[in-house]
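*Asks:* Dumping the structure here so I can ask a few things about it.
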Amino acid sequence: MKFCSHCAAPITIRVPADDTRERYVCDACGSIHYQNPRNVVGSIPIYGDQVLLCRRAIEPRHGYWTLPAGFMELGESTGAGAARETLEEAGAVVEIGPLYSLLNVPHAEQVHLFYLALMPTPHFKAGEESLEVALFAEKDIPWSEIAFPTVKQTLEWFFADRAAGLFENSVELNVRTRDISRNEKI
């Protein structure tokens, strides 16, 4: 960033008063331009014993499988963003359930949040960002073709929890969390 988005004056990088980090600061108008992590929101669309996955039509990881997810928009909740991304990428209407996983990806300046989501019907279609969309039983998941570590980790947790009977017994689930390291591809 070289110029202030409020007044177009050149900016400097310094620690503002009452702060502890270097920020982009406009000395002309006093604006502080904070850079914060971006939220990626998505769902685990479930129909019966299957999970809906999308094959990516865009980079990064073109051609690999993922859960429907994308960047949260201003003015929407994380759950609403997860439902919107599921509709946009997979053409599926879902009933958003509880937050299931939260994965920190500091090196990419992202936080990934995945919600459990029930598909009331098996209706879906590939959106513009998907080459194809399909329902998978656990044994058929293309594990070597999963696009991102956050998606693989979320699916592994989901299937382990389902095998342990945590969903059928209405046991209170704790949100799964993990930090993804720099050497893991996102």
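*Asks:* Looking only at segment 15-28, which residues are over 30 Å from the mean Cα position of the chain (by Cα) and exposed (fewer than 12 other Cβ atoms within 10 Å of the Cβ)?
*Replies:* Those that are over 30 Å from the mean Cα position of the chain (by Cα) and exposed (fewer than 12 other Cβ atoms within 10 Å of the Cβ): Val15, Ala17, Asp18.
*Asks:* Among the numbered criteria (1) within 30 Å of Ser181 (Cβ to Cβ); (2) in a strand (DSSP E or B), which single criterion is violated by Leu135?
*Replies:* With (1) within 30 Å of Ser181 (Cβ to Cβ); (2) in a strand (DSSP E or B) applied to Leu135, the lone miss is (1).
*Asks:* Determine which member of the set Ala17, Ala82 is free of Cβ contacts under 8 Å to residues at least 40 places away in the same chain, farther than 18 Å from Ile146 by Cβ and aliphatic (A, V, I, L, M).
*Replies:* Of the residues listed, the single one that is free of Cβ contacts under 8 Å to residues at least 40 places away in the same chain, farther than 18 Å from Ile146 by Cβ and aliphatic (A, V, I, L, M) is Ala17.
*Asks:* Would you be able to say whether some residue in segment 100-110 is surrounded by 17 or more Cβ atoms within 10 Å (Cβ to Cβ) and more than 15 Å from the chain's Cα centre (by Cα)?
*Replies:* no
*Asks:* Would you mind finding the one in Glu129, Glu73 that is surrounded by fewer than 16 Cβ atoms within 10 Å (Cβ to Cβ), more than 13 Å from Ile44 (Cα to Cα) and of a type in the set (Asp, Glu)?
*Replies:* After applying the criteria, what remains is Glu73.
*Asks:* Right, something else. Using the structure shown, decide if Lys152 is surrounded by fewer than 15 Cβ atoms within 10 Å (Cβ to Cβ) and not small (Gly, Ala, Ser).
*Replies:* no
Each reported figure results from applying straightforward, stated rules to the coordinates on display, with no laboratory input. If you're wondering where the values come from, they're calculated on a predicted model, not measured in any experiment. All Cβ positions, even for glycine, are placed from backbone atoms using ideal geometry, and neighbour counts span all protein chains on display.
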